[in-house]
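Participant: Structure in structure tokens, see below.
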Amino acid sequence: MDELAGEHQTVDGAGVIGRGVAQIGTAFGRETSLITSQRSPRDLEAAMRKADVACLHARLPHQTESMINGTSWGWLRPCVLLVNMARGALVDLNALVAALQEQRLAGAALDVLVNEPPGGSWTACWPFPT
């Protein structure tokens with residue numbers, strides 16, 4: 001638990017699952033920002049700049065598609081772990097591959113992809129450790 005305490009967790013998505021993830025993080029001593037990316041891009045940017053762990057639990061209206069992209073990687077610190085358990089299209093996969101190759105984030109945990117089963121551009125991720 002010492003590894004979790006003191007870290008900052010940003011949870012994007014204030015539905016039942018997002019709120020639950022935020023509560024669990026808080027119980028382990030993490031500072032938590034619970035946001036919804038549908039409110040304001042500035043809110044998303046400010047919360048992502050503080051994150052050690054960025055958890056995506058957002059819906060997928062057109063304004064959140066590829067919300068984690070080439071621009072938003074600039075908001076994240078290299079120590080960040082990105083966790084997407086919501087919708088595959090929230091993350092621009094090509095930008096994710098570039099960020100991993102350039103070591104602009106610590107890692108990514110993806111429970112969902114745009115296309116399942118994976119294929120196409122996803123094969124670019126295979127050189128990374130799983």
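Participant: Out of the residues in region 53-104 meeting the condition of being crowded, with 21+ Cβ neighbours inside 10 Å and of a type in the set (Val, Ile, Thr), tell me which one is nearest to Gly25 (Cα to Cα).
Facilitator: Among those that are crowded, with 21+ Cβ neighbours inside 10 Å and of a type in the set (Val, Ile, Thr), it is Val53.
Yes/no matrix, rows are residues, columns are (1) within 15 Å of Asn84 (Cβ to Cβ); (2) in a strand (DSSP E or B); (3) modelled with pLDDT of 80 or more; (4) of a type in the set (Gly, Ala, Ser):
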| position | (1), (2), (3), (4) |
| --- | --- |
| Glu3 | no, no, no, no |
| Gln9 | yes, yes, yes, no |
| Ala14 | no, no, yes, yes |
| Gly18 | yes, no, yes, yes |
| Ala22 | no, no, yes, yes |
| Thr26 | no, no, yes, no |
| Arg49 | no, no, yes, no |
| Arg59 | yes, no, no, no |
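Participant: Which one is nearest to the chain's Cα centre (by Cα) among residues in region 81-95 that are more than 16 Å from Ile17 (Cα to Cα) and in a strand (DSSP E or B)?
Facilitator: That would be Leu82.
Participant: Inside region 28-41, can you point out the residues that are modelled with pLDDT under 80 and not in a loop (DSSP other than H, G, I, E, B)?
Facilitator: Passing the criteria: only Pro41.
The values are calculated or read from the model by the stated rules, or taken from the named source; none is laboratory data. Note that the structure is a prediction, hence the values are computed from the model and not measured. All Cβ positions, even for glycine, are placed from backbone atoms using ideal geometry, and neighbour counts span all protein chains on display.
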